[in-house]
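Heads up: the structure comes next, in structure tokens.
The values are calculated or read from the model by the stated rules, or taken from the named source; none is laboratory data. What you see is a predicted model, and the numbers here were worked out from it, not measured in a lab. Reconstructed Cβ throughout: ideal geometry from the backbone, glycine too, with neighbour counts over all protein chains shown.
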Amino acid sequence: MTPGKTDTSGPPDEGNAVRGAEEEAFVHDASRLSARLIYEVVRRDGEEELTRPAASLVWSGTAAGILISLSVLGEAVFRTYLPPTRASHLIENAGYALGFVAVILGRMQLFTENTITTVLPVMHRPSGRALAAVCRLWVIVLAANVVGALIAGYFLTLPGAVPDDMAAALRDLSAHATGMGAWQGFLRGVPAGVLVAAIVWMMPSSEGGGFFIILAFTWLIAAGDFTHIIAGSVEMAYLLWLGELGGGAAAFGFFLPVLAGNIIGGTAIFAMLAWGQVKNEVAAGTGRGTRR
């Protein structure tokens with residue numbers, strides 16, 4: 001039997017409504033990917049990322065840091081032109097999805113995606129070399145994302161770059177994102193890390209390229225007032241360039257706590273749970289964990 005195909009040569013199961021191989025093919029194509037197959041897609045993607053040259057990671061990560069600013073800008077546009085009602089909060093947060101759509105569908109390097117993508121290969125075959133490869137990628141991508149965020153934040157401060165009323169909205173959004181305190185920023189970074197990892201996990205089985213998954217989950221990050229380290233770095237950079245946020249407050253009151261929260265949410269929680277649900281199946285498929 002061809003791998004991935006359903007065997008229809010035997011007697012039909014009781015209650016089987018399928019009539020013939022053609023209908024069986026339609027059922028097969030319409031069936032959902034199993035968790036094991038989703039894991040394999042994400043793991044292979046992670047292994048490919050781990051072998052990419054440093055220069056490619058730098059350029060891709062910098063581009064992601066710049067384009068994620070579309071999330072902040074999109075939210076500011078909605079806030080500027082929507083009437084100030086309680087419901088407008090739910091609508092304006094749809095703008096937060098713009099940067100994530102551009103970065104994720106554009107296959108750029110976003111640090112929070114790598115908290116699950118590049119971790120699964122290490123869980124599959126743990127070794128010091130694999131762990132070093134993950135650390136290398138994390139450092140390069142995070143640094144490149146931050147550089148891109150600094151560039152975007154600086155551009156937004158330039159006179160005439162955005163209308164004055166939109167600049168006021170940008171300032172309000174940035175002050176709120178970076179001013180909630182270290183502990184609260186950490187706690188709210190955990191759900192954001194889980195949600196971004198969930199996007200990565202669901203993309204292989206998504207219809208239409210995953211646009212609506214990205215839209216829904218990133219909207220929830222913004223509407224739930226959760227903290228994302230890279231989108232938030234644009235807001236942090238914006239206030240730094242304006243001189244309204246000090247370096248110490250930026251690093252210890254926002255950046256490091258939110259970074260820790262995103263890593264715990266994406267890796268320690270979601271990646272571990274994702275690995276746990278397929279671990280025995282993967283072991284059985286490779287001949288490990290079975291008794292003869």
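Quick notes on this structure:
- Residue among 119, 196 that alone is touching a helix residue (DSSP H, G or I) at 6+ places or on another chain (Cβ under 7 Å) and at pLDDT 95 or above: 196
- Restricting region 204-215 to residues that are hydrophobic (A, V, I, L, M, F, W, C) and either touching a residue at least 40 places away in the same chain (Cβ under 8 Å) or not in a helix (DSSP H, G or I) (or both), the residue that is nearest to residue 260 (Cα to Cα): 214
- Any hit, region 91-99, residues being part of a loop (DSSP other than H, G, I, E, B), free of Cβ contacts under 8 Å to residues at least 24 places away in the same chain, farther than 24 Å from residue 271 by Cβ and among the hydrophobic types (A, V, I, L, M, F, W, C): no
- So residue 167, is it among the aliphatic types (A, V, I, L, M) and either at pLDDT below 95 or more than 22 Å from residue 250 (Cβ to Cβ) (or both): no
- The C-beta contact set for region 45-67 (first residue under 15 Å from residue 139 (Cβ atoms) and charged (D, E, K, R), second residue in a helix (DSSP H, G or I) and modelled with pLDDT under 95, distance under 8 angstrom, 6+ apart or interchain) comprises 49/114; 49/117.
- The residues listed here are 181, 209; of these, the one that is at positive phi, in contact with a Pro (Cβ under 9 Å, 6 or more places away or on another chain) and either polar (S, T, N, Q) or surrounded by fewer than 20 Cβ atoms within 10 Å (Cβ to Cβ) (or both) is 181.
- Entry remark, region 129-183: residues being farther than 13 Å from residue 232 by Cα, touching a residue at least 40 places away in the same chain (Cβ under 8 Å) and not in a helix (DSSP H, G or I) number 3 in total.
Residue-by-condition table, conditions (1) crowded, with 24+ Cβ neighbours inside 10 Å; (2) hydrophobic (A, V, I, L, M, F, W, C); (3) touching a residue at least 12 places away in the same chain (Cβ under 8 Å); (4) not in a helix (DSSP H, G or I):
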{"site": "221", "(1), (2), (3), (4)": "yes, yes, yes, no"}
{"site": "225", "(1), (2), (3), (4)": "no, no, yes, yes"}
{"site": "233", "(1), (2), (3), (4)": "yes, no, yes, no"}
{"site": "238", "(1), (2), (3), (4)": "yes, no, yes, no"}
{"site": "245", "(1), (2), (3), (4)": "no, yes, yes, yes"}
{"site": "265", "(1), (2), (3), (4)": "yes, no, yes, no"}
{"site": "281", "(1), (2), (3), (4)": "no, no, yes, no"}
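- For residue 52, the criteria (1) over 16 Å from the mean Cα position of the chain (by Cα); (2) assigned to a helix (DSSP H, G or I) hold in every case but one, which is (2).
- Residue check: residue 107 meets all listed conditions (1) on the phi > 0 side of the Ramachandran plot; (2) in a helix (DSSP H, G or I) but one, namely (2).
- Residues of region 32-48 classified as under 19 Å from the mean Cα position of the chain (by Cα) and either over 16 Å from residue 273 (Cα atoms) or surrounded by 15 or more Cβ atoms within 10 Å (Cβ to Cβ) (or both), total: 11
- Here is the figure for region 217-240: residues that are farther than 15 Å from residue 253 by Cβ and touching a Gly at 6+ places or on another chain (Cβ under 6 Å) total 2.
- Test: residue in region 178-194 that is under 13 Å from the mean Cα position of the chain (by Cα) and among the β-branched types (Val, Ile, Thr): yes
- Within region 173-182, the presence of a residue that is in contact with a His (Cβ under 9 Å, 6 or more places away or on another chain) and of a type in the set (S, T, N, Q) is excluded.
- Within region 57-114, being buried (at least 19 other Cβ atoms within 10 Å of the Cβ) and polar (S, T, N, Q) holds for 60, 62, 69, 71, 93, 109, 112, 114.
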